[in-house]
Amino acid sequence: MSTRIPLVDLKAQYESIKRELDGAIARVMESGKFIGGEEVSSFEQEFASYCRKKHAVAVSSGTSALHLALLANFVNGKLKRGDEIITVPNTFTATAEVIHFCDNKIKFVDVDDYYLMDVEKLRDSISLNTKAIIPVDLYGQTANMHRIMELASEKNLLVLEDAAQVHGAEYKGWKTPIAETGCFSFFPAKPLGTIGDGGAIVTDDEDIARKARQLRDHGRSDRVEGKYEHTLIGLNYRLDSLKAAVLRVKLRHLDRWIVQRRNNAALYNELLAEIPEIETPKEFAGNKHVYYVYTIRTKERDSLAAFLEKEGIATQIYYPIPLHLQEAYCFLGHRKGDFPVAEKQAGQVLSLPIYPELSEEQIEYVCDKIKEFYSR
Ligand SMILES: Cc1ncc(COP(=O)(O)O)c(C=O)c1O
């Protein structure tokens, strides 16, 4: 067996559904329709129905989905400049940068042992200026959404769920996102990824969907004959037809891939259980984790990662520097120790290959190498 194990293998995924993908790509090329059209609207209907939401608005990336969802709430008057929005520091920078670019104040709150927003700390950090919460469903697992939603309704706050990493995840039998509005990324490596960047806002709020549709397309009037009528100042955040056609094919395989990801995680859990130095990922009671990444924790993280790299096994750290300690956010005035749980996790987390096409033999090889590392 080749000992080179990548973190993700999108070529293997392509090979497994090549005929369907090639057919979809040819269909778009032959149609000559590359912006909007039936591929995009059909994908929106199919993805909304998959997420059990009323609307999906396909956009150019997960970042634009978050940005547009916030902007739509400005247009409908639920948010204004200077409002405080709470999120977590252990996320991809996109979650916080959109808050900044809407001229809102970023407030971080620490996370729990599941890498998810700590609800008690959230309660303590809500101030009179707080207007919204952006919980992040990290690594493939939904945040403690019912408690977050309860708190939000008690304090009259908006909840926008960053679901960039959790396509197909469930929480107490409910499909994610649990909030009325959630944002996905279709970055190629995500559980549902396209050929380049892509994203979507899914929502039960008709008004948000309508505003987001207008805003992604230069604020165009939604009158059929209103191509050059702009009722809002918008942006070009559209998803290309080709990317939508690819997503329609991949969506049909998503549930099968989730089963494979979960089986892979179960095998890792079983094989790594005998190594006391390693903490395997925990599934929150009632959650269906989709294992976008499989993240272990160990004090020897850096030397283990270097050892595995030498053995041909790719790993990744999501995320090595929590946002409050990043240079880009130094204007917030945070220092080491402000969010101790997120900081400790950032020093110990390591993600192993978990993609659906990974074989049992490859997982056994990774675990054997980890055992070898600890037995030296
Ligand atoms: C938690 C989270 N939020 C937002 C984003 C942004 O998505 P995109 O890269 O599609 O802009 C990502 C992407 O990695 C993410 O992981």
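Here are some notes:
- Cross-link reach is defined here as a Cα-Cα straight distance under 18 Å, omitting same-chain residues fewer than 8 places apart; for Lys33 the aspartates and glutamates meeting it are Asp22, Glu44, Asp217, Asp240.
- Applying the Karplus relation 6.51 cos²θ - 1.76 cosθ + 1.60 with θ = phi - 60° to the range 115-122 yields 3J(HN,Hα) values of 6, 10, 3, 7, 5, 5, 5, 4 Hz, where x marks Gly and Pro.
- Heavy-atom accessible surface of the range 31-114, averaged per residue, reaches 39 Å², computed with a 1.4 Å probe.
- Set of lysines near Lys371 by C-alpha distance (under 18 Å), chain-local residues within fewer than 8 positions excluded: Lys299, Lys310
- Mean residue ellipticity, 222 nm, helices only, the chain: the sum of -39500 (n - 2.57) across DSSP H runs of n ≥ 4, divided by residue count and rounded to 500, is -12000 deg cm²/dmol.
- Subset of Lys54/Lys131; Lys80/Lys105; Lys155/Lys175 violating a 20 Å alpha-carbon distance limit: Lys54/Lys131; Lys155/Lys175
- With each label modelled as a point 7 angstrom along the Cα→C-beta vector, the Asn263-Glu327 pair spans 4.6 nm.
- Mean separation of Cα contacts under 8 Å (6+ apart) over length of the chain, as relative contact order %: 22
- Cα centroid separation, the range 324-376 to the range 30-89 (Å): 30
- Gained length - Trp174 relative to Lys344, 0.36 nm times residue gap less alpha-carbon distance: 58.1 nm
- Shape category assigned to the range 308-352 from the gyration tensor of Cα positions, a/c cut at 1.5: prolate
- Here Asp222 and Ser16 are evaluated by their C-beta separation; at R0 = 41 Å the FRET efficiency comes out at 0.55.
- Near-label residues of the range 313-353 by backbone N, under 13 Å of a point 7 Å along Cα→Cβ of Arg4: 313-314
- Length gained when the stretch Arg147-Lys54 is fully extended (0.36 nm per residue, less Cα-Cα span): 31.2 nm
- Net charge of neighbours whose Cβ lies under 11 Å from the Cβ of Leu235, counting Lys and Arg as +1 and Asp and Glu as -1: +1
- Eligible aspartates and glutamates near Lys336 by straight Cα distance, threshold 17 Å, same-chain separation 8 or greater: Asp110, Glu327
The values are calculated or read from the model by the stated rules, or taken from the named source; none is laboratory data. If you're wondering where the values come from, they're calculated on a predicted model, not measured in any experiment. All Cβ positions, glycine included, derive from the backbone under ideal geometry; neighbour counts span all protein chains shown. Heads up: the accessible areas ignore ligands, DNA and RNA and are worked out on the full protein's heavy atoms, side chains in. Shrake-Rupley method; radii C 1.70, N 1.55, O 1.52, S 1.80 Å.
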